[in-house]
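Student: The structure follows.
Computed from the coordinates by the stated procedures, all read-outs in this text should not be read as laboratory data. Remember, predicted model here, so these are calculated numbers, not experimental data. Every residue, glycine as well, gets a Cβ built from its backbone with ideal geometry; the counts of neighbours run over all protein chains shown.
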Amino acid sequence: MEDYGIKTVSLPENRQWRCAFQDYWIEKLNAMLSLPEKIVLLALVDDEGVVGRTSHTRDYISYALSGSIIMELMLAGRVDVELPREVFLKITKDNGKLKIVDSSPAGDEVLDEALSKIRAAGKEKSPFHWIKKLLPLTTGRNMPTFGTSFHGSRFLEQLVEKGVLYKKKHRTLGYVTPRYPLQDEAAKRSLVMSVHDAIIQGSNEPEMTMLISLANVCRILGETPYTAEEEPLVQKRVETIIKSDPVIAFLARHVALAKQSSENPNVGS
């Protein structure tokens, strides 16, 4: 296991050092964590070691993780999205196309599996199609497919390998399932504060826009603390950030549509 040097770090008490330390952590997190891993960490219920507080939220997170794989492939320059001409009209299952622009391996196991599936399909299909099809890639191999533990488990396991979380056994009604409590609280705090600052100060950085758009779909931005003065501004600024990139906004809408269609097959027709 690679040592990322973050297992025993705590934030210093001095405010000036805390600010410098936070900046260091934000930079380190951006370098070491993928977009799906950041979503999982942001959604983690710290005291329970599971992703999402309710089954409804967890389902949305699973679809957001599938969408984040596509977004990560975009960041890696492997795929692009062709928007429909009337992008801001009603979103349907067949709107838009996901196109491969570089079929070479991305060097990441999950991304390369996804790229292989997209390439094997031959015909270009909509983001909605691939958000549904890539959903199994968000779950770790040999993981239980019941209860709360399997949602995002592939990325939870990756965060264990990176020393951000640790894994423990949890017994419920005679079943043993894994839980993933925080190993390093500084990593989570730094991520939460980076999202907070991006929303309050504005962000045009693609990965942060992707993270905010998917977290907004999952309704997990409420985990980020805001002051009384900031609170009324948050949703408007989130919407402004998401709309600043039409492709990211389009993909986020497809994530929501994919989840809704799992409850009602007629949605998006």
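Student: How far is the Cα center of the stretch 41-68 from the Cα center of the stretch 214-231, in Å?
Tutor: 15 Å
Student: Ordered by residue, what ³J(HN,Hα) values in Hz, to whole numbers, does the stretch 44-61 give under the Karplus form 6.51 cos²θ - 1.76 cosθ + 1.60, where θ = phi - 60° and Gly and Pro are x?
Tutor: Computed from phi, the couplings for the stretch 44-61 are 5, 7, 4, 6, 10, x, 10, 8, x, 8, 10, 5, 4, 5, 4, 5, 4, 4 Hz.
Student: Using only the Cα atoms of the stretch 124-253, construct the convex hull and provide its projected area averaged over every direction, in square nanometres to one decimal.
Tutor: Average of the hull's projected areas for the stretch 124-253 equals 10.1 nm².
Student: Principal axis lengths of the stretch 15-263 from Cα atoms, whole Å, largest first?
Tutor: 50, 48, 35
Student: Assign unit charges at the C-beta atoms only (+1 for Lys and Arg, -1 for Asp and Glu), then state the dipole size of the stretch 15-263 relative to its Cα centre in Debye, rounded to the nearest 20.
Tutor: Roughly 800 debye, rounded to the nearest 20.
Student: For Thr209, what is the net charge nearby, where nearby means another residue's Cβ is under 11 Å from its Cβ and Lys, Arg count +1, Asp, Glu -1?
Tutor: Here the charged neighbours net out to -2.
Student: From the backbone phi of the stretch 175-187, what are the Karplus-calculated ³J(HN,Hα) couplings (6.51 cos²θ - 1.76 cosθ + 1.60, θ = phi - 60°) in whole Hz, Gly and Pro given as x?
Tutor: Residue by residue, the stretch 175-187 yields 9, 9, 10, x, 10, 10, x, 5, 8, 10, 5, 4, 5 Hz.
Student: Net charge near Val81, counting Lys/Arg +1 and Asp/Glu -1 over other residues with Cβ under 14 Å of its Cβ?
Tutor: Neighbourhood net charge equals 0.
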